[in-house]
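First up is the structure itself, then whatever we jot down about it.
What follows draws every value from the coordinates through simple rules; no lab data is involved. Predicted model, so just to flag it, every value in this text is computed and none were measured. No Cβ is skipped: glycine too gets one built from the backbone with ideal geometry, and neighbour counts run over all protein chains shown.
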């Protein structure tokens, strides 16, 4: 993939248009545009690491769940979640709009 990105950037730097490069390589023009923009912004074509959905449990809770699951092998995920201590969340006050 990195080699292909290099080929794309190289062709764009040689003066070819994004449309020409997309047709030559069979890649959507929007992908070429995004790659070129990323290269112009920070000189790099690699994607930023993204963590995905944020974790809900803490590392301590993860360890607790692992130990509890090993002790009670027949318990379901719902059973295990009910055994977790309830945490207090800070709530934003509701405002009437």
What full-extension length gain, to one decimal in nm, is calculated for residue 33 and residue 14 as 0.36 nm per residue of separation minus the Cα-Cα distance?
5.3 nm
Mean Cβ-within-10 Å packing, highest first, puts peptides 70-77, 25-32 in the order 25-32, 70-77
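When a/c is below 1.5 the answer is rounded, else prolate if a/b is larger than b/c, else oblate, so apply that to the range 1-42 with a ≥ b ≥ c taken from the square roots of the Cα gyration tensor eigenvalues.
rounded
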Could you give log10 I(q)/I(0) at q = 0.23, 0.27, 0.32 Å⁻¹ for the range 19-70, computed by the Debye formula over C-alpha point scatterers of equal weight, without solvent?
-0.92, -1.01, -1.09
Mind sorting 78, 33, 22 by how few other Cβ atoms lie within 10 Å of their own Cβ, fewest first?
78, 33, 22
